[in-house]
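Peer 1: Okay, handing you the structure first.
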Amino acid sequence: MGWFWADTPAPAPAVPPADPKHKNLASAGTPPVGCPMHKAAADALAPPAPASCPIPHGNPATNAALSSCPVPHSSQGSSQEQRQEASMLSKLNPLNYMFQSISQERAPNQTHVLPTERDESSIPRGTGEGNWEYPSPQQMYNALLRKGYTDTDITAVESMVAVHNFLNEGAWSEVVEWERRFGRGLFRGWEISKRGEENAPLELRRLEAQEGGRVQPTLIRFQGRPKDMTPKAAMLQLLGRLYPSKFGTDPPFDRHDWFVSRNVDGQKKEIRYVIDFYSAPPEPTGEPVFYLDVRPALTPTGAVERLMRWGGDVWWRASGGQVRESNSRNQQN
């Protein structure tokens, strides 16, 4: 999960997650058993580990030369160690903390041929140089081996890439909807949100028609953090223990932090989005179902945006807003 690549050279939950705003994504193709994003749910509560570090930390005996994270956390150490760290760090892409390029060559002892074609995403780069590209199946397999997933079923890698691409496209569409609503200021966002989610699309289209079009956010960088549970996800897990019939769900199987460029009064501003990935019971046809919980990080501005969107919808429905509007229209007619 969470692997874009820069070209520089280039038992299931009884109910879905409690938040109704989770994005329901199905029909992505059957995910493989060995896919690392489907590790046991208990792993989400394990101590944090650097999700995107390309070094397989789990096997220091066979990776003694690479047993430490390549990012220099301290200025102390021998000059030889510093040169080794600088050499490793120079190979990292600062946009996503991954290597600049992952080999398209077949891995040693690889018996199954994997495609090397890469699909272009719909996600614009923050640099303005086209869109991000997804890894090819061969690159995905090489990256998994480098990360220590040596037991990966090679015949399932193409399905893993398809699921990976599908979920990231769904996550970006949710980010775009947030930016359409709040990318031009909180006051405008409230005008769209105050009449609930059911009326928001119509109000949004009306304003965009007056403004001459919609905003187009770009993705600056991203980071996978599957071991770091968000406060909201942790709260849902606590509620699930207290009220399992209503809130019971497995922890998210992955978490991403996406950093999006927003134009605020002519100035570029970096907005961090948090994405929790949940799995749900499959469709009767066997197709997997995923839920994405996408929202701005809990910064002061992000907290206000979340309160406006979700609180506005709750207040509109609880206060009988739809009924009031219907009665008003009937009186006018």
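The values are calculated or read from the model by the stated rules, or taken from the named source; none is laboratory data. Please read these numbers as outputs of a predicted model, since none were measured by experiment. Every residue, glycine among them, receives a Cβ derived from its backbone with ideal geometry; neighbour counts consider all protein chains shown.
Peer 1: Does I192 count as farther than 30 Å from R106 by Cβ and assigned to a helix (DSSP H, G or I)?
Peer 2: yes
Peer 1: Sticking with this structure for a sec: If you go through segment 200-213 one residue at a time, do you hit one that is touching a helix residue (DSSP H, G or I) at 6+ places or on another chain (Cβ under 8 Å) and of a type in the set (K, R)?
Peer 2: No - not one qualifying residue is present in segment 200-213.
Peer 1: Could you tell me which numbered condition E179 fails, if it satisfies all but one of (1) in a helix (DSSP H, G or I); (2) among the charged types (D, E, K, R); (3) surrounded by 18 or more Cβ atoms within 10 Å (Cβ to Cβ); (4) more than 22 Å from the chain's Cα centre (by Cα)?
Peer 2: (4)
Peer 1: Return yes or no: is Y97 within 19 Å of the chain's Cα centre (by Cα), aromatic (F, W, Y) and at pLDDT 90 or above?
Peer 2: In short, no.
Peer 1: Looking at (1) modelled with pLDDT under 90; (2) surrounded by fewer than 16 Cβ atoms within 10 Å (Cβ to Cβ), find the lone condition where T155 falls short.
Peer 2: Exception for T155: condition (1).
Peer 1: While we're here: Taking segment 107-140, which residues are at pLDDT below 90, among the hydroxyl-bearing types (S, T, Y) and over 15 Å from R221 (Cα atoms)?
Peer 2: The one that is at pLDDT below 90, among the hydroxyl-bearing types (S, T, Y) and over 15 Å from R221 (Cα atoms): T111.
Peer 1: Considering only residues that are under 13 Å from N142 (Cα atoms) and either surrounded by 17 or more Cβ atoms within 10 Å (Cβ to Cβ) or in contact with a His (Cβ under 8 Å, 6 or more places away or on another chain) (or both), which ones fall in segment 112-126?
Peer 2: If the condition is that a residue be under 13 Å from N142 (Cα atoms) and either surrounded by 17 or more Cβ atoms within 10 Å (Cβ to Cβ) or in contact with a His (Cβ under 8 Å, 6 or more places away or on another chain) (or both), then L114 is the only one that fits.
Peer 1: Another one. Got at least one residue in segment 216-225 being more than 16 Å from the chain's Cα centre (by Cα) and under 18 Å from F182 (Cα atoms)?
Peer 2: Looking through segment 216-225, at least one residue is more than 16 Å from the chain's Cα centre (by Cα) and under 18 Å from F182 (Cα atoms).
Peer 1: Go over the candidates P244, P284, P231, P296 one by one and state the one that is touching a strand residue (DSSP E or B) at 6+ places or on another chain (Cβ under 9 Å) and in the same structural domain as W132 (by TED's automatic domain parsing).
Peer 2: P296
Peer 1: Among the candidates R255, R195, R188, R272, single out the residue that is out of contact with any strand residue (DSSP E or B) (no Cβ under 9 Å at 6 or more places or on another chain) and closer than 30 Å to G128 by Cα.
Peer 2: Of R255, R195, R188, R272, the one residue that is out of contact with any strand residue (DSSP E or B) (no Cβ under 9 Å at 6 or more places or on another chain) and closer than 30 Å to G128 by Cα is R188.
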